[in-house]
Amino acid sequence: MTGDLGDDEWDRKERNETPTQRLDRNWSSLLQELRVVQTGVQLLTGFLLTVPFQDLFYAQDKVFHTVYLVTVVASVSATVLLLAPASMHRILFRRHKLDELIRASQHFALGGLVFLGVALTGVVVMVFELVIGRTAGWIAGGVSVLAFVFFWFVVPWQYRDIDE
């Protein structure tokens, strides 16, 4: 989309925007994206933490418990990574490090999405296993992984280098 122009030059020409204004816009956009997923991942983590308090949980085998623990670790990891930009912002506040904050937060957000996909896949596996059976759980989990990879990464990635 920027053609032969660099980001700063394109933003200046097309948006009449300074590099600092671009950083402010990028930070605001990133925060909006994080708000979308933070609440959901926090609720998911909270619900997952209640699972061992259900009698049915202890009737399950070690494979189910392993899937559960991997799912909890993934959900907590997603929570940590998706909240990290807010913590980093607080620590770097008024230090003129917005460019570094945005770059690091981009990595945190992508990592958080990967862990969220793992956590959601684990939930799908456990629910399908409890309702239908282990084979259905693993099939549903596989379909979930494919859906997450396709819609969260493959589709967006194909638009990265498309020029108008």
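Details
- Per-region count, segment 21-47, residues over 17 Å from the mean Cα position of the chain (by Cα) and within 30 Å of H65 (Cα to Cα): 1
- Unmet requirement for F93, which otherwise passes all of (1) within 26 Å of V125 (Cβ to Cβ); (2) open to solvent by 50 Å² or more (accessible area, probe 1.4 Å): (1)
- Residue match in segment 13-22 (condition: assigned to a loop (DSSP other than H, G, I, E, B), free of Cβ contacts under 8 Å to residues at least 24 places away in the same chain, within 25 Å of Y159 (Cα to Cα) and open to solvent by less than 60 Å² (accessible area, probe 1.4 Å)): yes
- Of the set (1) at pLDDT below 80; (2) assigned to a helix (DSSP H, G or I); (3) more than 19 Å from S105 (Cβ to Cβ), all apply to D4 but (2).
- Contacts under 7 angstrom Cβ, first residue in segment 149-164 being within 17 Å of L116 (Cβ to Cβ), partner at pLDDT 90 or above and part of a helix (DSSP H, G or I), 6 or more apart: W152/L113; W152/G117
- Condition check for L130: open to solvent by 50 Å² or more (accessible area, probe 1.4 Å) and farther than 30 Å from L31 by Cβ: yes
- Within the span defined as segment 30-38, every residue fails to be touching a Lys or Arg at 6+ places or on another chain (Cβ under 9 Å), at pLDDT below 90 and either open to solvent by 90 Å² or more (accessible area, probe 1.4 Å) or over 30 Å from I102 (Cα atoms) (or both).
- The residues of segment 43-70 that are open to solvent by less than 100 Å² (accessible area, probe 1.4 Å), more than 26 Å from L83 (Cα to Cα) and aromatic (F, W, Y), listed by number, are F57, F64.
- Where a residue in segment 60-85 is within 14 Å of L116 (Cβ to Cβ) and its partner, wherever it lies, is hydroxyl-bearing (S, T, Y), with Cβ under 9 Å and at least six apart: T71/T121; V72/T45; A74/T121; S75/T45; V76/T45; A78/T45; T79/T45; A84/S105
- Unmet requirement for S87, which otherwise passes all of (1) of a type in the set (S, T, N, Q); (2) surrounded by 15 or more Cβ atoms within 10 Å (Cβ to Cβ); (3) more than 15 Å from the chain's Cα centre (by Cα): (2)
- The one condition in (1) of a type outside the set (A, V, I, L, M); (2) at pLDDT below 90; (3) under 25 Å from F153 (Cα atoms) that R94 fails to fulfil: (3)
The values are calculated or read from the model by the stated rules, or taken from the named source; none is laboratory data. These numbers were taken from a predicted model, which means no experiment stands behind them. So basically every Cβ, Gly included, is an ideal-geometry build from the backbone, and we count neighbours across all protein chains shown. With ligands, DNA and RNA removed, areas are computed over all heavy atoms of the protein, side chains included. Shrake-Rupley method; radii C 1.70, N 1.55, O 1.52, S 1.80 Å.
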